[in-house]
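Since the structure comes first, as structure tokens, the remarks are kept for the end.
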Amino acid sequence: MHQVIQDNLEEYLAGSLRAEDQRQVESHLEGCADCRRDLASMREMSGWLQSLRGEQAPEPASGFYARVSRRIAAVEEESSRSIWAALLEPAFARRVAFASLLLLASLGSFLVSRESDYSQGPTPELVLAVENEAPSSLDSRDHMLATLVSYHK
Amino acid sequence: MDYENTQEGTLVHRAQAGEEAAFREIVERYQTKVFSIIHGIVRQRNDVEDIAQQVFAKVYFSLRKFDFRSSLITWVYKITVNECYDYLRKRKVRKLVYESDLSEDEVRRTENSEPAIDHRPLADSNLARQDYVTKLLSKVSEEERTLLMLKEVEGHSVEELAGMTGMNENTIKVKLFRARQKLLKAAQRLDRAPGAV
């Protein structure tokens, strides 16, 4: 379908083309058999679609809103029940129990490995190094006395 | 004026905030329209109310997601059309399951007891045409179906559709053109293989 027809198709089908566009479309259609054929198909399809226009649709009976509300409440209840049902389902409970056991086992092994690291205690070299770095208790006592004297003065 | 700040936009905001009176107003404002759309597609008077209830329940649960890009009626229209096609799909599945439980003789008897479209009196030819169009519409996307129905069934102009959907007029025209082409192709396939849809 050529652009000039495609651009004006919706208005053409709705019968709302402006006079100027109408002339342009008709002039093109006179010389284009393909567009004439395609447009005829589109027009036929448009007529078929319009057959769906509501005819004597039933009116909502009184109390419709109340029934909608009840349905909403039922859906809400159903969804909360399904959450509980999923939680209480035996298969789900088994999975939770298995996961908890796995977690406990991992935690236990982690704690045991930490304990074994500390049970050996620091090496003699480490102890000596710490002692050398730290001021002796004698030195610290002198330092404290000097501070007190200067404060007193 | 921005749709969100219109009177209807304010109504939607109130409903989104959980105000029951606002939701009730939405239901009462659009219930007749929803009934009409449903009846136009499924044409089962007994099922119209049930589908309409389902539509408004969906509107209730999805309202918080409504982002004001289209008008409320366009959004409700789309939900309604989708719900109708869900219903038709389920009905088709139910029919297939029912038929699979029957013997070949029983299936043949059931088929013969249904009025065949081609042999219906002339007064029913419109029903056959509606069935056919409904089937064709199931072959395009949800968006294309909604646009085609808003244009052809509801009679909105391209300009109105642009206002309702938040798309520009050229986009609407291109989408409608593609949708119409798909419908024609689906119709050609259907003619080649009758009963395939």
Checklist entry - What is the average number of partner chain Cβ atoms found within 10 Å of a Cβ in B:38-51? => result 3
Checklist entry - Rounded to the nearest 100 Å², what is the sum over both chains of accessible area buried where B meets A, with a probe of 1.4 Å? => result 3800 Å²
Checklist entry - What size of dipole, in debye to the nearest 20, comes out for region B:1-98 about its Cα centre when the only charges are +1 on Lys and Arg C-beta atoms and -1 on Asp and Glu C-beta atoms? => result 740 debye
Checklist entry - Can you give the net charge of the other residues whose Cβ lies under 10 Å from the Cβ of B:K139, counting K and R as +1 and D and E as -1? => result +4
Item to check | Nitroxide proxy distance, nm - points 7 Å out along Cα→Cβ at A:Q6 and B:K135 | outcome: 3.0 nm
Item to check | Projected label distance in nm at A:A33 and A:S16, using a 7 Å step from Cα toward the beta-carbon | outcome: 3.5 nm
Checklist entry - Hey, which lysines would be in cross-link range of B:K182, C-alpha to C-alpha under 28 Å, not counting anything within fewer than 8 residues on its own chain? => result B:K33, B:K78, B:K90, B:K92, B:K95, B:K135, B:K139, B:K151, B:K173
Checklist entry - So if R0 is 35 Å, what FRET efficiency would A:S100 and A:S80 give, r being the distance between their Cβ atoms, rounded to the nearest 0.05? => result 0.90
Next on the checklist: Under the 0.36 nm per residue contour assumption, what length would be gained going from the current alpha-carbon distance of B:K92 and B:N46 to full extension?
Outcome noted: 14.9 nm
Checklist outcome for this item: With R₀ set to 56 angstrom, the calculated FRET efficiency between the beta-carbons of B:Q188 and B:Q7, to the nearest 0.05, is 0.75
Next on the checklist: Given N residues in region B:1-98, what is its alpha carbon radius of gyration divided by 2.2 N^0.38 Å?
Outcome noted: 1.18
Checklist outcome for this item: Residues other than B:R45 with Cβ under 15 Å of its Cβ, Lys/Arg counted +1 and Asp/Glu -1, net out at -3
Item to check | Radius of gyration and maximum dimension Dmax of region B:124-197, Cα, Å | outcome: 13.5, 40
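The values are calculated or read from the model by the stated rules, or taken from the named source; none is laboratory data. These numbers come from a predicted model, not from an experiment. Because the Cβ atoms are built from the backbone with ideal geometry, glycine has one as well, and the counts that use them run over all protein chains shown. These accessible areas exclude ligands, DNA and RNA; they are computed on the full protein's heavy atoms, side chains included. Shrake-Rupley method; radii C 1.70, N 1.55, O 1.52, S 1.80 Å.
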